[in-house]
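Input: a single structure, listed below in structure tokens.
Read-outs: derived from the displayed coordinates by stated rules, not from any lab. Computed from a predicted model, the values in this text were never measured in an experiment. Here the Cβ positions follow ideal geometry from the backbone for every residue, glycine too, while neighbour counts run over all protein chains shown.
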Amino acid sequence: MARDLAIDLGTANTLVYERGRGIVLNEPSVIALNSRTNEVLAMGHEAWQMIGRTPGYIVAVRPLRGGAITDFDITQRMIRLLLQRVGVNRFNRPRVVICVPSAITEVERRAVTEAARRAGAADAQLLEQPMAAAIGAGLPIHEPVGNMVIDVGGGTSETALISLGGVVALNAVRIGSFDIDAQLQTWIRREYGIAVGERTAEEIKIAIGSAWPTVDEFKAEVRGRDLMSGLPKHVILSPDEVRQAINEVTTSMVDSVVHCLGEAPPELAQDLIVRGMYLVGGGGMLRGLDLRIASETEIPVHLVDAPLECVVLGAGRVIESYDRLKVMFMGSR
């Protein structure tokens with residue numbers, strides 16, 4: 001019997017929820033290929049370990065950028081591998097719900113559904129990530145009250161105001177935690193003349209990165225290649241420097257929230273003063289981001305218990321009652 005699956009196909013991480021079992025897979029959205037033979041060598045955590053450490057003919061790539069497919073063939077192969085890892089075969093083709101950013105175009109939506117169907121899904125439907133996140137956070141989305149969700153992912157940041165089962169106001173920008181990593185790489189290169197890789201920038205962000213001053217801050221050693229001599233070199237970075245380096249990106253994220261609040265009807269806007277806003281997504285785990293948004297909007301911000309899993313858990317709740325909630329899907333016919 002075919003199983004229903006929910007997939008949060010993210011720029012940074014891909015999570016799979018199986019009906020009746022819960023989350024069965026959580027892997028980075030990375031695939032490693034041999035460019036000479038076009039053979040898939042690794043996917044997920046194993047491929048992520050290869051980023052920046054492979055010979056020239058082996059490439060570790062992220063097939064999604066900004067929440068959209070940049071390489072259709074590689075994305076299709078990655079989805080097929082994901083389905084194989086959770087036990088799907090040609091005799092057991094599941095119905096799949098895929099969570100996608102609301103910022104992507106209709107063409108990009110069709111590309112996602114087509115990739116899933118070619119990878120082995122019997123049927124593929126799409127669900128917007130802010131709606132899935134609101135369901136996963138347990139918000140009363142079907143009641144006439146304002147529920148605001150801020151979903152910060154690897155490639156997109158979306159703010160949605162939801163009431164009576166629909167999106168009332170939405171603001172989405174193609175800026176996410178990968179842009180923080182890139183900004184950090186550029187700043188270290190410019191200020192210290194050191195080249196650091198994508199993985200190193202991410203590790204710095206996790207270790208000492210923040211959007212607002214926090215308690216128990218400490219400095220961290222950063223190792224890279226000196227651009228002048230070509231030799232390995234290390235410097236000590238402080239949290240203040242990291243905040244300065246990523247300020248442009250975090251400001252854009254906060255501005256997106258402010259713009260969405262500006263589009264909210266007055267009756268729903270006043271609900272937010274009491275209920276607050278809910279921060280989800282892997283990028284939402286950046287230290288102090290909730291405090292900065294709360295400071296600039298004067299509205300409480302709550303970081304949900306499982307920010308990274310929130311979207312796929314919401315989609316999981318949908319597939320648990322798949323037949324009754326088909327109206328929530330946006331799949332192309």
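Computed from the alpha carbon positions, the gyration tensor of the stretch 1-117 leads to an equivalent ellipsoid with semi-axes of 23, 17, 13 Å, biggest first.
Less than 5 angstrom separates the built amide H of Leu303 from those of Leu279, all sequence-distant by 5 or more or on a different chain. As a proxy for reagent exposure, ranking Val24, Val274, Val100 by other Cβ atoms within 10 Å from fewest up yields Val274, Val24, Val100. In the chain, the inverse of the mean reciprocal separation of distinct Cα atoms equals 20.7 Å; this is its Kirkwood hydrodynamic radius. With 0.36 nm allotted per residue and the present C-alpha distance subtracted, the Thr54-Ala207 stretch has 52.6 nm of extension available.
Coupling constants for the stretch 106-119 follow from the phi torsions by the Karplus curve (6.51 cos²θ - 1.76 cosθ + 1.60, θ = phi - 60°), and in residue order they are 4, 5, 5, 5, 5, 4, 5, 5, 5, 4, 5, 5, 5, 7 Hz; glycine and proline get x.
Taking label positions 7 Å along the Cα-Cβ direction at both Glu248 and Glu320, the computed distance is 4.4 nm, reported to one decimal. Each 5 Å bin from 0 upward holds the following percent of the Cα-Cα pairs of the stretch 180-239: 4, 19, 30, 26, 13, 6, 2, 0.
Label positions at Glu46 and Gln270, each projected 7 Å from the Cα along the C-beta direction, are separated by 5.9 nm. Projecting the Cα atoms of Leu237, Ile204, Tyr192 onto the charge dipole of the stretch 180-239 (Cβ charges, centred on the Cα centre) puts Tyr192 farthest toward the positive pole.
Fewest neighbouring Cβ atoms within 10 Å first, the residues Glu128, Glu191 line up as Glu191, Glu128. Of all DSSP bridge pairs formed entirely within the chain, close to 70 percent run antiparallel.
The stretch between Ser238 and Arg118 holds 38.4 nm of extra length on full extension. This uses 0.36 nm per residue minus the Cα-Cα distance.
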